Amino acid sequence: MAKQKLNEQNFEKATKEYQPKPPYLMNMLKAFIVGGIICVLGELLSEMYIHWFDFSEENAGNPTVATLIFFSALATGLGVYDRLGQFAGAGSAVPVTGFANSVTSAALEHKSEGFVLGVATNLFKLAGSVIVFGVVSAYLLGILRYVWTQLF
């Protein structure tokens, strides 16, 4: 019997049957529940700013987002948000709280290198691509909207 040469494809085929199957449904359920809870907290904060502090519905979004960012950065500093992220996956990464977590964790990771060369240099290492993509997308969509309104 000829022995097969072990290469990357053969290795992947040989080990696939021994790998555990990912729990896709459970992961989706956890992400949905945690992401939903974060969104419900955001809605509760928004209602609080509207009814307790007399913000209009249009203006209540700004302090709501700022509060969510503050609490997620605080939870990241305390090590709570990382555990939440391990449990919920995308449910904690997709909302604005996940963005705040990525910025804060990068700053905390490099604080030993100093404020300028550590924190400031690495602050947007993870989130920088998101910011760039968001700005470029907004710019392009703004141009498309302008052209659309001029044509029609």
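Only the coordinates and a few stated rules stand behind these numbers; no lab work does. Treat the numbers as computed from the prediction; the structure is a model and nothing was measured. Cβ: placed from backbone, ideal geometry, glycine included. Neighbour counts: every protein chain shown.
Points worth noting:
- Segment 1-62 versus segment 130-152: alpha-carbon centroid distance in Å: 28
- Here the simple spin-label model places points 7 Å from the Cα toward Cβ, and for Glu47 and Leu126 these points are separated by 3.1 nm.
- Note on the chain: lysine pairs with Cα distance below 16 Å, sequence gap of 8 or more or different chains, count 4.
- Contour excess over end-to-end distance, with Cα ends at Cys39 and Gln150 and 0.36 nm allotted per residue: 36.3 nm
- Net charge of the neighbourhood of Gly61, taken over other residues with C-beta under 14 Å away and scored Lys/Arg +1, Asp/Glu -1, is -4.
- Enclosed volume per residue, in Å³, of the convex hull spanned by Cα atoms of the chain: 262
- Each peptide among 136-144, 112-120, 124-132 gets the average number of other Cβ atoms lying within 10 Å of its residues, and from highest to lowest they stand as 124-132, 112-120, 136-144.
- Of the GluC sites (Glu not before Pro) found in segment 14-105, the ones in coil according to DSSP and having at most 10 other Cβ atoms within 10 Å of their Cβ are Glu17, Glu57, Glu58.
- Here segment 26-109 is treated as a Stokes sphere of Kirkwood radius computed over C-alpha pairs; at 10 °C and 1.306 mPa s its diffusion coefficient rounds to 121 µm²/s.
- Paramagnetic label reach from Arg83 (point 7 Å along Cα→Cβ; backbone nitrogen cut-off under 17 Å): within segment 22-43, residues 34.
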